[in-house]
Every structure is written in C-alpha cells, then in structure tokens.
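> Sharing a structure here in structure tokens format.
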Amino acid sequence: MLHPLIFRRLLLLPVWALPLLTAAQQVLPLPEDGARRPKTVAPAAAPVATRQVAALSLPFFDDFAADPSDADPTPDPVYWEPGGGAYVNNRFGLDPPTRGVASLDGLNGRGSAYGGNFSDLDTLTSRTIDLSGRTAVVLSFWWQAGGVGGSINAQTSTGGTPSLWVEMSADDGAFWSVIPEWETNGAGATAFAQVFVPVTSNYLTNRFRFRFRASGSGQGNNNTWNVDYVELDANRTTAPGPRRDVALSRPLASALKRYTAMPVWQFNNAASPLNELNDSTGTTVNNLDLPTAIPTPVTYEARLSVTTLPDALPLTSDIFATGALVLPGGEWQRPILASVQTAPVPPLTGTGKLLEQQITLASGELDLRTRANDVIRRQTELSTYYAYDDGSAENLFTLNPSADTRYGAYAFSPDTADQVAGVALYLYPGGRVGQTQYVNLWAPDPADPTRPDRQPRYQQAFRQPADTTLRRLGGWYPVYFAQPQPVSGTFFAGYGQPPISNFPASQVGIDFNEKRAAGRFWVQLVGGNGTWQPLRFAAAPPGTVMIRPLMNRGGVLGLTADNESPAPDVYPNPAAVGTTGTVQLRGRFDGGLIVFDALGRAVRTAPAHATTLDVRGLPAGLYVLRFRHGTTGFTRRLVLTPTAE
C-alpha cells in the first residue's frame, strides 16, 4: 500500500497543452538548448573492460544537488556513465524533492534533438556496482512527467507512446533486462512520486548496473521526464524508511523587485535604490523523513554577496536574515522567506555588479551526501540591460505565419531618462535565414498607457542570422539601432515579423521559470494599424518571452568607471557621528540632495549647490545620498560611524 503522502503526489497536475489561446502565436518544443552544453565534451565510451577501474560499493546515492552553481550540466561521472544525454539542472523540475534533477527530455548531451518521429532518447546509466553477497537490495527514486515545461505529449501518430523505463544488467551492461523492471508511459503531467524497485537475486553480482531510459518524439523536448533522489542500498524494504534529510527545493527569485536584471546606473539613480530590491527572497524546504511523525528543527540564513562585473572582484557579503522552523515528517514545499529589504544597499558605483543571494540550512544532518541540498543560490546582474527572464529558455515562442506583419512587446520603466541602444532577442536556429525582421520601440498609447501605441516610434530592420551565428552567440542576438533612442518614463520594446505564408517563422525563447511578466506581453496582430492584445496562455504554463532592451547610459554605450563621471561626492566617508556635525559635499548638483536611510526613508535634504550636509541627530549606519544635476541623477553611499567621544 502506498504511503498517503506518496499517493497524494501521484495525482495529476493540471494538464498543459502547447497551443495558445489564439492562432496568432504558438509555444513549441526546443530543438536544441545551448545552455546545457558541457564545458568539456565527454569522451567516447571506452571498451567495457576499461570503463571503470573498480566497481562502486553500496550505498549508491545521488540527488543531483552536488554543484550549487549548476556549472556542469552533466551527471556526476563518479556515479554515472557519460554520454547518455541526461541533463542535471534546476530548471525543468516542478516542486522537486531536492534542488536539482536529472531531466531526460529528448535533447542529447550537446543539447540537440535526436531527430526522427519516435525513438529511444536519453539514458541515465549507473557505473558498475558490486552487489555480490548482498540481500534485500532496493532501488528507489522520485520521478515526474512533464515538469516546468508542461505535459508529456502523447503523439501516438509518431509511432509509439512516450515512456520512461528502469532496466538492470548483471554483466556490466552487456545485456539489459528483457522486460523493464519498472515503467511508466502515457501523456499528461504529474507531481513527483517515489518508487521502490526490488533488485532480484539474478542481478546480485559484482557487475551490476541500472539505467533510466526514455522514449518519445525526437523532434525536441516534447517529452520531459525528471528523476531525483536516486538511492540503491541493501537491507531495505519497498517502503519509505527513516531518513534524516531536509532539503531546499524551489529556485530563488531575482534580487530585484521589477526585473531579473537592470542597468547599474538606473539602479543607482532610483529615488531609493533599496526599493528596487525585491521585498523578499525565498525557496521551499522538504522533510524527506516520510514515515515518522518526529518533527525536525532547522535554522537558516540568507546572505547577499556583491561582486564586480566582469572581473568578479568581491565587494560585500552580508547575512541579512536568519530564521528557524520545525518541520513535521513528510512536510512538503514549506516556504522559507527572507526580507531582502533588510539587506545592505549594494555599493552604488558605476561598475557593473553581480548580486548573489544564498539561503543555507543548518539541519544537523550527519550524512555528508545530503548536505549539498541544504544550499541554494541565485545571481542577478546590474549591468547594461533590462530583463524579465532568467536567461534560459524552456520552450520556443513564435508568431505564426500571416499575411500581416505581427509584433510583440514588453513595457519597461527606467528610473531616470536614458537611451536605448538596441534590443536583444533570444533567437533560435531554425528560422528562415535572411528573412527581414524588426526590433521596435513604442511609446505608450495616449488613450491607454498600459499598452503600446499603434505605430512604432522607431523601427530597425535586420535579417535572420545563420544558425551557426546563433549557436556561436549562445542564443542572444543583439540588434543595435542606427542611432540610440532617448526614452523617459515607460517605453515598449519588442520585435516584429513581416508577412510570410508558411514556416519557418522566427523563434524566440520563452522562459517558464519567471512569471513576473506574465500577462504583460502585448501582441499586435495587424501590422501598423491593429490594436494590441495581451498574450493569453490558454493551457500552457505562463512564461516570459525573452526580449531585452540594451541601454546606453545617457549616450555612452555600456559601463563607465566612477572616476570618469562628474558625479558629486561626499567627504569624509566614513564620517564619525557627532564629531563636527557636518560632512562636505563636492561637485555640482543644481537639483538638490536627498538622504535616505537603509530602509529607504528620506531623512535629510540639502539645497542645490550646497557645500555641507548636516548629519547631526542621524544614528550610525548606512545612508544613500541622491544628487540631481540637470536631467541626471547621481547616487553615493555614506557611512556614519559611532563617535569616539
């Protein structure tokens, strides 16, 4: 009989179909994914006799969380045979048991589709394991159909039903089980469920292997199976046993409130930079000790670290939140939230920055193998562009062929006047090479400022690049305007597809892990004269079409060093509270000065062209000074230290 918690997770999730509400656009599977290409190419499989020096001993365990940065997408070669196409990631699993899953999704180890209508696809094959003399050996794992990208598609017309199998071998993989030891097939989407598979006596040799094998459409990631928390050991039963492991699960959100990335100078020049940070960051935690009712106490801390771009020089690293909670056995997806508003303001310099959030559990676990799932990270760029996406695409978005030019656009709202140098699109190979396309800017519609105006304010034509160019660029294709375009307040940036009668249309990545822009993408169905409609996902999971405006910092493309800017400054800094009661203000600022405390509250002002600032009565701590000169804002940080008196 299934444990009640496991049975509950076997219930089907809402089924997501791929077509959208209208025929004007579609979501399509990825034919390839450059994000998963390993840094080094796995060597060709060696002869069986030389693949491995010694067989692994029990216990065998991998929850695919060993690399918190997800820098290498290939399964750990200590445990798994290279080259099977399984992809280790924190993108495709929906509410997994632990951070990180192995996805078998129909794209090979280089991130490309296998081709063909229906075939065997990815495999995840263990190294050789010594089971000689062992008894009651059981393999357990968690599995999911679909995940973040949507449902498994039946596609019976292509020659078969998508399936996931577990197969075993007693002779180092020379022969695999004729009938799978476990299998699941069909269509739809499921929550994660745990499975226990006994290893029968005929496999108890010193040359044992097991593997996961998937089949389905070879045209892309139509059929994604996620596997997590794989464990093989002796003296087990086919039911959950005591397990001291609490694990983090869901990915963290961006450190920013409105975007996933923004220009560093726009962050600095915000009325309160602290308010550009997200209200909170968070993940979820699972207590994998299913059969017991004994609660597990845990503590956690949240840290924000800041390094420079592109050279990764460390600037600050601060713990900004701590907490404690008690988790009953079997607790699933319990939220952990930490207020980013309590974090120190990142240094307000003109240098690009990388903000890294990290949440770490302290659970008292003695098993070192489960410690990796107690840490989760997320990086956010303060650079030269705005973004709503996380940089990786889970599917493709396309405006269907039409007799009309069609456009799609997002709204962006700079804190201060700026210039747009161009627009970057996450373009995929497979479009019509040489086809004319457009990137556009629109002003808000005067009758309804929430949507773009009917006519573009600026349009830049470009031609669909060759597939080799897109692969070399890793997906992001920048299109620069002939002249940077000034913007103030809200503007809309997007792209357009001219009239074409059939596929291939242009294909832009869509990110299913970021939802903050859901319902904010506008589609114009008739070129130049049609009204705009919000993009509605009828059954597919809502996602973010990957479009990024490239900003120009008042006419100078990219980042400039602080010493190249005529920005006003403050001296001394740090300053001792109570020593003189004032600090000196240097430089020109004809728009006055506002002082904000660490909570973003205005606590002091100074008039235009002032030479001193009265700091008497302000407690020691971090303050942000916002100067205004003409149409440009400058921001500086001031530290007040306790007086030595």
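The values are calculated or read from the model by the stated rules, or taken from the named source; none is laboratory data. Owing to the predicted nature of the structure, the values given are computational and were not obtained by experimental measurement. Ideal geometry is used to build each Cβ from the backbone, glycine not excepted, and the neighbour counts take in all protein chains shown. Accessible surface is based on the protein model in full, side chains and every heavy atom, while ligands, DNA and RNA are left aside. Shrake-Rupley method; radii C 1.70, N 1.55, O 1.52, S 1.80 Å.
> Is it the case that segment 219-233 has a residue that's touching a residue at least 24 places away in the same chain (Cβ under 8 Å), of a type in the set (Gly, Ala, Ser), in a strand (DSSP E or B) and crowded, with 16+ Cβ neighbours inside 10 Å?
As a first pass, look at segment 219-233 and keep what is touching a residue at least 24 places away in the same chain (Cβ under 8 Å): 219-233.
Restricting the remaining residues to those that are of a type in the set (Gly, Ala, Ser) gives 220.
With the extra rule that they be in a strand (DSSP E or B), the set shrinks to none.
For segment 219-233, residues touching a residue at least 24 places away in the same chain (Cβ under 8 Å), of a type in the set (Gly, Ala, Ser), in a strand (DSSP E or B) and crowded, with 16+ Cβ neighbours inside 10 Å: absent.
> Now for a separate question. If I ask for residues that are open to solvent by less than 50 Å² (accessible area, probe 1.4 Å) and either modelled with pLDDT under 80 or part of a strand (DSSP E or B) (or both), which ones from segment 604-614 would you list? Please lay out each step first, then the result.
To start, the set of residues in segment 604-614 that are open to solvent by less than 50 Å² (accessible area, probe 1.4 Å) comprises 606, 608, 610, 613.
Ala606, Leu613, listed by residue number.
> Take Trp265 and decide whether it is within 25 Å of Ala393 (Cα to Cα), open to solvent by less than 40 Å² (accessible area, probe 1.4 Å) and among the aromatic types (Phe, Trp, Tyr).
Values: within 25 Å of Ala393 (Cα to Cα): no; open to solvent by less than 40 Å² (accessible area, probe 1.4 Å): yes; among the aromatic types (Phe, Trp, Tyr): yes.
Considered against the rule, which asks whether it is within 25 Å of Ala393 (Cα to Cα), open to solvent by less than 40 Å² (accessible area, probe 1.4 Å) and among the aromatic types (Phe, Trp, Tyr), Trp265 comes out as no.
> How many of the residues in segment 466-482 are farther than 15 Å from Pro549 by Cβ and open to solvent by 50 Å² or more (accessible area, probe 1.4 Å)? So that I can check it myself, show each step before the final result.
Filtering segment 466-482 down to residues farther than 15 Å from Pro549 by Cβ leaves 466-475, 482.
Okay, now just the ones that are also open to solvent by 50 Å² or more (accessible area, probe 1.4 Å), so 468, 471-473, 482.
Count: 5.
> Also, I was wondering about something else. Of the residues that make up segment 453-461, is at least one in a strand (DSSP E or B), more than 26 Å from the chain's Cα centre (by Cα) and closer than 30 Å to Ser112 by Cα? Walk me through it before giving the result.
Of the residues in segment 453-461, the ones in a strand (DSSP E or B) are 458-461.
Next, from what is left, pick out any that are more than 26 Å from the chain's Cα centre (by Cα): 458-461.
So of that shortlist, the ones also closer than 30 Å to Ser112 by Cα come out as 461.
The answer is yes, given that some residue of segment 453-461 is in a strand (DSSP E or B), more than 26 Å from the chain's Cα centre (by Cα) and closer than 30 Å to Ser112 by Cα.
> Give me the strands (runs of 3 or more DSSP E) completely within segment 105-209, filtered to those with at least 3 residues that are in contact (Cβ under 8 Å) with a residue 12 or more places away in the chain and buried (at least 20 other Cβ atoms within 10 Å of the Cβ), ordered by residue number. Before the answer, list the steps.
Working: elements: 119-125, 138-145, 163-169, 182-185, 193-198.
Where strands (runs of 3 or more DSSP E) fall fully within segment 105-209 and carry at least 3 residues being in contact (Cβ under 8 Å) with a residue 12 or more places away in the chain and buried (at least 20 other Cβ atoms within 10 Å of the Cβ), they are 119-125, 138-145, 163-169.
> Name the one entry in Gly617, Gly578, Gly591, Gly630 that is modelled with pLDDT of 70 or more, open to solvent by 20 Å² or more (accessible area, probe 1.4 Å) and on the phi > 0 side of the Ramachandran plot.
Details: Gly578 fails: modelled with pLDDT of 70 or more; Gly591 fails: on the phi > 0 side of the Ramachandran plot; Gly630 fails: modelled with pLDDT of 70 or more.
Result of the check over Gly617, Gly578, Gly591, Gly630: Gly617.
> Sticking with this structure for a sec: Taking only pairs six or more apart or across chains, which ones have beta-carbon atoms under 6 Å, a first residue in segment 428-446 that is under 20 Å from Ser488 (Cβ atoms) and modelled with pLDDT under 85, and a second residue that is among the polar types (S, T, N, Q) and surrounded by fewer than 17 Cβ atoms within 10 Å (Cβ to Cβ)?
none
> Before we move on, is Arg463 open to solvent by less than 40 Å² (accessible area, probe 1.4 Å), modelled with pLDDT of 80 or more and not hydrophobic (A, V, I, L, M, F, W, C)? It would help to see each step written out before you state the result.
On the way: open to solvent by less than 40 Å² (accessible area, probe 1.4 Å): no; modelled with pLDDT of 80 or more: yes; not hydrophobic (A, V, I, L, M, F, W, C): yes.
When the stated conditions are applied, Arg463 does not pass them.
> Residues of segment 360-394 being under 15 Å from Tyr259 (Cβ atoms), touching a Gly at 6+ places or on another chain (Cβ under 8 Å) and open to solvent by less than 30 Å² (accessible area, probe 1.4 Å), which ones? Lay out the reasoning, then the answer.
At the first step, the residues of segment 360-394 found to be under 15 Å from Tyr259 (Cβ atoms) are 378-391.
Retained after the next criterion (residues that are touching a Gly at 6+ places or on another chain (Cβ under 8 Å)): 381-384, 389.
Selection gives Leu382, Ser383, Asp389.
> Okay, moving on. Among the residues of segment 334-359, how many are in contact with a helix residue (DSSP H, G or I) (Cβ under 8 Å, 6 or more places away or on another chain) and either surrounded by fewer than 19 Cβ atoms within 10 Å (Cβ to Cβ) or farther than 18 Å from Thr322 by Cβ (or both)?
9
For every residue, the table says whether it meets (1) at pLDDT 90 or above; (2) under 29 Å from Gln357 (Cα atoms); (3) surrounded by fewer than 24 Cβ atoms within 10 Å (Cβ to Cβ).
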position: Pro43; (1), (2), (3): no, no, yes
position: Pro59; (1), (2), (3): yes, no, yes
position: Glu81; (1), (2), (3): yes, no, yes
position: Arg99; (1), (2), (3): yes, yes, no
